[in-house]
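A quick write-up on the structure given underneath.
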Amino acid sequence: MSDHSHAHSGGSHGTLGSLMIGFAMAAILTILPFGLVMGEVDLPRNLAIGLIMGMGAVQIIVHLVYFLHVGKSSEQGWTLVATIFSVIILVIVLAGSLWVMHNMNENMMPMPDMEQMMNLQSQQG
């Protein structure tokens, strides 16, 4: 067996320093949204949701770059294209699901109050 059979086809797997930077960034991007929710920070609801989702998106990028080593090199071109395609599909599925759930919630018939239903039953019986 030659020494080349064990070589990796991709680039570098990162140094300990770059992995620790990625870990620190991922930890911060986890702790901050947690603090926003648990600390009941006085922010408008839409702004808080936007901040949490934004930090989640940045965390995805941190994981892709620091841990999955997705870069711009020619060897990783197809990996990057596949990742972008996966993100597009994920956005379409999530947006479609939220749209359907919102429309169902808006168009559902209101449920009568249980107390009113019990009163109607007792009056009829």
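The values are calculated or read from the model by the stated rules, or taken from the named source; none is laboratory data. Keep in mind it's a predicted model, so treat the numbers as computed, not measured. With ideal geometry, Cβ positions are generated from the backbone for all residues, glycine too; neighbour counts draw on all protein chains shown.
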**OP:** Write out, first by first residue and then by second, each pair whose Cβ atoms fall under 8 Å of each other, whose residues are 6+ apart or on separate chains, and whose first residue, in region 51-62, is within 10 Å of residue 29 (Cβ to Cβ) while the second is among the small types (Gly, Ala, Ser).
**Re:** 59/26; 62/22; 62/26
Subject >> Of all residues in region 63-96 being touching a residue at least 40 places away in the same chain (Cβ under 8 Å) and assigned to a helix (DSSP H, G or I), the one that is surrounded by the fewest Cβ atoms within 10 Å (Cβ to Cβ) >> reply: 75
Original post:
Looking at (1) at pLDDT 90 or above; (2) surrounded by 10 or more Cβ atoms within 10 Å (Cβ to Cβ), which is the one condition that is false for residue 42?
Top reply: (2)
Original post:
Within region 25-40, can one find any residue that is on the phi < 0 side of the Ramachandran plot, free of Cβ contacts under 8 Å to residues at least 40 places away in the same chain and charged (D, E, K, R)?
Top reply: no
